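Structure record follows, encoded as C-alpha cells.
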C-alpha cells in the first residue's frame, strides 16, 4: 500500500530546485508518491536541460490517493503568464508561486495528505515585507500562532525563538511566555515525531549571558521560562553562553539548542553540518519541510549545486 503523497511546490523559477531534484531522482526512489505543483512546460524545459527522463501523469487537485503512482511524476499543472517586459516579470512570477502554494494549501486542508515540501523562494522578492518568512506566511494561512522553526539534523537540531527579525528588535520580542511556548513546542514535536523527549539547551541573549544594563534578559526572563518548563517535565537547561555551547563536549549534551535569534543558532549549525539539515515548521496540522538553503540564483543552470538538504527533506517526509 502506498504512503500518503508528498506535495512539492518547486518555488521560484530562477532557482536550483529542479537541478538538485533531478540529481536525486536519477539515483533514489521514494515509497511516497510525489505530486509536483508547477508549470508542466517549465518542468519539461528543465528535464531536457538536465537530461532527465521521466513519465508525467497530469492530475488535478481533486485526485484520489488510491489512483496515484510513485513510479511516475504526478503533476498538477499551474499556468504561468510570461511577460517579456522585465519590469513586470516579478509580478507574474510572484503570482505563479502564489497559485502553486494556494493549490497545495487547498489539498492540505482537504487532508488528502499531511506532507508538504516547498522549494527555495526569494523572501525579499515574494513576501515584499508582508511576512518575516515562509514559516510565518504558511502559519497565517492555517491560523496557527504558536509555530516554530526547527533546523533539523539527526545529531543536533537548533531552533530560534525569533526568526527573520531585525537585530535591533529582538530584545523587545523576548519574553518568558514566548521562550516557554517554544520549549513546549519543541518538546511536543520531538515526542510525537521522533518518539523521545529531547534535551534542550537554552541560550542567553547577551554575550556570555551578561549585560552592563540594569535589566538583563538572561537573569530576568529566560531562567523563568526554563524553570516553568522543568516543572512540566521538559528537559530544558540554561541559559548558556552562545560562544561555547557548540563546542563538541558541550553540544553532545543536547538534542536541540534553542537560541534567541536566527543567526545565533543557524550559523554554527551550518558550519558544523553544511547542507545536512532541513527546515521544519513545528506547530502546523501537517508536516512542512524545505531544504535549508535559498534559491541560489547565481548557480542556476551550472549543475554544480549540492542536493544533500533536499534529499534529507524528502527522506524525512517519506517515513510518514
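The values are calculated or read from the model by the stated rules, or taken from the named source; none is laboratory data. Worth saying up front: this structure is predicted, and the values here are computed from it rather than measured. Note: ideal-geometry Cβ built from the backbone for every residue, glycine included; neighbour counts use all protein chains shown.
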Inset, instruction - Mind counting the residues in the stretch 214-237 that are in contact with a helix residue (DSSP H, G or I) (Cβ under 6 Å, 6 or more places away or on another chain) and assigned to a strand (DSSP E or B)? - result: 1
Inset, instruction - Looking for whichever is within 26 Å of residue 28 (Cβ to Cβ) and surrounded by fewer than 17 Cβ atoms within 10 Å (Cβ to Cβ) here; the options are 108, 58, 68. Which one fits? - result: 58
Inset, instruction - For residues that are in contact with a strand residue (DSSP E or B) (Cβ under 6 Å, 6 or more places away or on another chain) and part of a helix (DSSP H, G or I), scanning just the stretch 155-183, find the one that is surrounded by the most Cβ atoms within 10 Å (Cβ to Cβ). - result: 182
Inset, instruction - Only residues in the stretch 37-52 that are more than 11 Å from residue 13 (Cβ to Cβ) count as the first member; pair them with residues that are part of a strand (DSSP E or B), Cβ under 6 angstrom, at least 6 apart or cross-chain, and list the lot. - result: 37/9; 37/76; 40/75; 40/77
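Only one residue in 186, 151 is within 17 Å of the chain's Cα centre (by Cα), over 19 Å from residue 228 (Cβ atoms), crowded, with 19+ Cβ neighbours inside 10 Å and assigned by TED's automatic domain parsing to the domain that holds residue 259. Which one?
On the way: 186 fails: over 19 Å from residue 228 (Cβ atoms).
From the options 186, 151, the qualifying one is 151.
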Legend entry - Top-ranked residue in the stretch 191-237 [being on the phi > 0 side of the Ramachandran plot and at pLDDT below 95; ranked as surrounded by the most Cβ atoms within 10 Å (Cβ to Cβ)]: 209
Inset, instruction - Might you let me know whether the stretch 290-299 holds any residue that is surrounded by 19 or more Cβ atoms within 10 Å (Cβ to Cβ), in contact with a helix residue (DSSP H, G or I) (Cβ under 6 Å, 6 or more places away or on another chain) and either part of a strand (DSSP E or B) or without any contact (Cβ under 8 Å) to a residue 24 or more places away in the chain (or both)? - result: yes
